[in-house]
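Student: There's a structure below that I have some questions on.
The values are calculated or read from the model by the stated rules, or taken from the named source; none is laboratory data. This one's a predicted model, so the numbers in the text were calculated from it and none came from an experiment. Cβ atoms come from the backbone with ideal geometry, glycine included; neighbour counts cover every protein chain shown.
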Amino acid sequence: GIFGLKPTYGRVPLYPASAFGTLAHVGPMTRDAADAALMLDVIGTPDARDWSALGPAPGSYTDALAEGVRGLRVAYSPSLGGQVAVRPAVASAVRRGVERLAELGAYVTETDPDFTDPVDAFHTLWFSGAARAAQRLRAGQRELLDPGLRDVVGTGARYSALEYLAAVDVRMELGRRMGRFHEAYDLLVTPTLPITAFEAGAEVPKGSGLRRWTGWTPFTYPFNLTQQPAATVPVGTDGDGLPIGLHLVAARHRDDLVLRAAHALYEAGVPVPPTPAGS
């Protein structure tokens with residue numbers, strides 16, 4: 001039910017470096033897009049300790065908010081070309097948010113980015129990072145890890161260097177495809193998640209048939225592979241009062257477009273804040 005921003009990789013310096021390497025982004029979680037823009041203006045400045053950090057931002061993200069969405073080219077992909085099964089309540093809420101963007105002056109086209117699910121490559125890179133993070137743990141300490149994480153660590157430790165580099169090749173091709181996609185579209189819009197929240201303490205929803213958390217995050221992790229900026233905006237709730245997010249993605253280095261579109265939705269009264277407990 002809050003706003004979350006994943007800036008372009010390197011926009012926010014990170015030290016010490018993450019074991020997950022260039023898949024790991026650092027960004028604000030705030031009440032709204034305006035607060036995130038203000039925070040990014042502060043934390044998105046270079047730091048010599050992070051060799052992969054970007055140079056100074058091209059301008060103030062807060063100042064860019066007022067530019068709105070009029071004239072922006074928006075690609076709306078409800079299910080990544082039928083690759084993702086989305087719950088009806090989620091699909092409806094996100095579509096209403098997209099319709100509001102069109103009312104605000106964006107040129108909306110329903111279309112899909114040209115890629116298939118890169119989950120195997122993501123697993124190779126992410127699981128390898130988990131194995132590296134746990135490498136110094138003693139056997140007794142590993143037994144204390146969450147069972148899902150312990151399983152991931154074991155899988156990651158078995159990948160070869162050639163398998164890792166093959167996953168890097170998949171990542172590079174995905175980045176190329178998204179770079180070309182954003183020559184035609186300023187923003188990509190999808191649901192943030194195809195479902196709403198499930199019970200705490202479980203990696204996947206009971207009875208879903210999924211094994212790993214990537215099974216219910218298909219709209220988000222591909223853009224960690226490509227290092228693109230993305231944000232989630234709350235656009236409603238389901239029948240149980242659980243929040244639904246609209247996912248905004250822009251080309252690398254265009255964090256301003258993500259923030260502009262999110263702020264325009266907030267200004268238009270689209271996000272529905274969660275109801276406080278006991279009210």
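Student: Which one of Asp117, Asp112 is surrounded by fewer than 20 Cβ atoms within 10 Å (Cβ to Cβ) and touching a Gly at 6+ places or on another chain (Cβ under 8 Å)?
Tutor: Asp112
Student: Restricting to the stretch 216-247, and then to whatever is more than 12 Å from the chain's Cα centre (by Cα), part of a strand (DSSP E or B) and among the hydrophobic types (A, V, I, L, M, F, W, C), can you tell me which residue is surrounded by the most Cβ atoms within 10 Å (Cβ to Cβ)?
Tutor: Ile244
Student: Just one of (1) part of a loop (DSSP other than H, G, I, E, B); (2) at pLDDT 95 or above; (3) not hydroxyl-bearing (Ser, Thr, Tyr) trips up Ala34, so point out which.
Tutor: Ala34 satisfies every listed condition except (1).
Student: Looking for whichever is in contact with a Lys or Arg (Cβ under 7 Å, 6 or more places away or on another chain) and of a type in the set (A, V, I, L, M) here; the options are Val204, Val108, Val189. Which one fits? Even if it seems obvious, please write down each step before you answer.
Tutor: Details: Val108 fails: in contact with a Lys or Arg (Cβ under 7 Å, 6 or more places away or on another chain); Val189 fails: in contact with a Lys or Arg (Cβ under 7 Å, 6 or more places away or on another chain).
Going through Val204, Val108, Val189 in turn, the sole match is Val204.
Student: For the stretch 96-143, name all the residues that are under 15 Å from Leu187 (Cα atoms) and out of contact with any strand residue (DSSP E or B) (no Cβ under 7 Å at 6 or more places or on another chain). Working first, answer last.
Tutor: Quick first cut of the stretch 96-143, residues under 15 Å from Leu187 (Cα atoms) only: 97-102, 104-114.
Glu99, Arg100, Leu104, Gly105, Asp112, Asp114 - these are the residues of the stretch 96-143 that are under 15 Å from Leu187 (Cα atoms) and out of contact with any strand residue (DSSP E or B) (no Cβ under 7 Å at 6 or more places or on another chain).
Student: Sticking with this one: From (1) crowded, with 21+ Cβ neighbours inside 10 Å; (2) modelled with pLDDT under 95; (3) aliphatic (A, V, I, L, M), pick out the condition that doesn't hold for Leu188.
Tutor: Of the numbered conditions (1) crowded, with 21+ Cβ neighbours inside 10 Å; (2) modelled with pLDDT under 95; (3) aliphatic (A, V, I, L, M), the odd one out for Leu188 is (2).
Student: Would a scan of the stretch 253-267 turn up a residue that is surrounded by fewer than 22 Cβ atoms within 10 Å (Cβ to Cβ) and part of a strand (DSSP E or B)?
Tutor: no
Student: Taking the stretch 77-97 on its own, how many of its residues are of a type in the set (Val, Ile, Thr) and either free of Cβ contacts under 8 Å to residues at least 24 places away in the same chain or buried (at least 21 other Cβ atoms within 10 Å of the Cβ) (or both)? Before you say what the answer is, go through the steps one by one.
Tutor: Start the filter on the stretch 77-97 by keeping residues that are of a type in the set (Val, Ile, Thr), which leaves 84, 86, 90, 94.
Then keep just the ones that are either free of Cβ contacts under 8 Å to residues at least 24 places away in the same chain or buried (at least 21 other Cβ atoms within 10 Å of the Cβ) (or both); that gives 90, 94.
Counting residues in the stretch 77-97 that are of a type in the set (Val, Ile, Thr) and either free of Cβ contacts under 8 Å to residues at least 24 places away in the same chain or buried (at least 21 other Cβ atoms within 10 Å of the Cβ) (or both) gives 2.
Student: Moving on. Before we move on, is Val204 touching a residue at least 12 places away in the same chain (Cβ under 8 Å), in contact with a Gly (Cβ under 9 Å, 6 or more places away or on another chain) and over 24 Å from His25 (Cβ atoms)?
Tutor: Details: touching a residue at least 12 places away in the same chain (Cβ under 8 Å): yes; in contact with a Gly (Cβ under 9 Å, 6 or more places away or on another chain): yes; over 24 Å from His25 (Cβ atoms): no.
No: the conditions fail for Val204.
Student: Which members of the stretch 13-31 meet the condition of being farther than 26 Å from Gln135 by Cβ and either of a type in the set (S, T, N, Q) or in a loop (DSSP other than H, G, I, E, B) (or both)?
Tutor: Of the stretch 13-31, the ones farther than 26 Å from Gln135 by Cβ are 27-31.
Listed by number, the residues that qualify are Gly27, Pro28, Thr30, Arg31.
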